[in-house]
1. Given the criteria modelled with pLDDT under 90, surrounded by fewer than 13 Cβ atoms within 10 Å (Cβ to Cβ) and either hydroxyl-bearing (Ser, Thr, Tyr) or closer than 28 Å to VAL23 by Cα (or both), does SER116 qualify?
2. Name the single residue that is nearest to ASN118 (Cα to Cα) among those in the range 17-37 being crowded, with 18+ Cβ neighbours inside 10 Å and either touching a Ser or Thr at 6+ places or on another chain (Cβ under 9 Å) or among the aromatic types (Phe, Trp, Tyr) (or both).
3. Only residues that are at pLDDT 90 or above and surrounded by fewer than 16 Cβ atoms within 10 Å (Cβ to Cβ): list them for the range 124-146, please.
4. Just to verify a result, which residue in the range 39-77, among those that are of a type in the set (Gly, Ala, Ser) and either over 13 Å from GLN21 (Cα atoms) or more than 17 Å from the chain's Cα centre (by Cα) (or both), is surrounded by the fewest Cβ atoms within 10 Å (Cβ to Cβ)?
5. Residue by residue through the range 58-78, note down the ones that are among the hydrophobic types (A, V, I, L, M, F, W, C) and either within 27 Å of ALA114 (Cβ to Cβ) or at pLDDT below 85 (or both).
6. Which condition number in (1) in contact with a Lys or Arg (Cβ under 6 Å, 6 or more places away or on another chain); (2) in the same structural domain as ILE54 (by TED's automatic domain parsing); (3) in a loop (DSSP other than H, G, I, E, B) is the one that ALA78 fails?
7. Identify the residue in the range 83-113 that is modelled with pLDDT of 85 or more and surrounded by fewer than 18 Cβ atoms within 10 Å (Cβ to Cβ) and, among all such residues, is nearest to LEU178 (Cα to Cα).
8. In the range 145-166, what residues are in contact (Cβ under 8 Å) with a residue 12 or more places away in the chain and assigned to a helix (DSSP H, G or I)?
Amino acid sequence: MTNLPERQQQIIMVHAAFIRQIVESSLITERQHEATELLRTAEQQGWKQLVSRIRRIIKGDRSDAVLNGLDEEDRIIAEAILRGLQDPATLPDVNQKPEPSMAGPGLASMIEAAGSGNVEALQIIAGMAEQMSKAGGQMARLAAVIRPMIDGERDANKLTEGMNADNEKLVLDILSHLSQHSLH
């Protein structure tokens, strides 16, 4: 995995447990029911297109066509699953943590996509915000500003009010990336 571009590595690390579970449960006949359950849950979380491709991959489709039409993140996940099925040694380490500095660009792209009407992005980010809200505290405070950002709020003072330094830095990073995209 280390010879992949940084962004791809970050996406794979974020989804390492999912990728490993899919590959490992697909390779062991007794555990295939785990893959079925995991895919059912992912589909309920809005990953319909990715799940349909993973099901094709599990059934043996290894053609490049299985990746056609996937967004960047889904394509990277599907490619990691394909590599893992071919060579389990390529599976990501679930203990390796993603670089926190990559959270801003990733969230910004999801917020931008959701704000422009991408239903899949809206479902994914809504699921993330719900989990963050359940965590409470500063995570809930961060979750509370996602919807306003999707709706176009860009006032940093308003969005970061009551946040700790780490969340404030993340929100400012997201806003920076959103402003860069709006300039293009």
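1. Numbers: modelled with pLDDT under 90: yes; surrounded by fewer than 13 Cβ atoms within 10 Å (Cβ to Cβ): yes; either hydroxyl-bearing (Ser, Thr, Tyr) or closer than 28 Å to VAL23 by Cα (or both): yes.
Answer is yes for this residue.
2. Within the range 17-37, the match that is nearest to ASN118 (Cα to Cα) is PHE18.
3. Across the range 124-146, the qualifying residue is only ALA144.
4. The selected residue is GLY60.
5. VAL66, LEU67, LEU70, ILE76, ILE77, ALA78, listed by residue number.
6. (3)
7. Applying the filter and picking the extreme gives THR90.
8. Selection gives VAL145, ILE146, ARG147, MET149, ILE150, ALA156, LEU159, THR160, ASP166.
The values are calculated or read from the model by the stated rules, or taken from the named source; none is laboratory data. The structure displayed is predicted, hence computed values, not measured ones. Please note: Cβ atoms are built from the backbone with ideal geometry, for glycine as well, and neighbour counts cover all protein chains shown.
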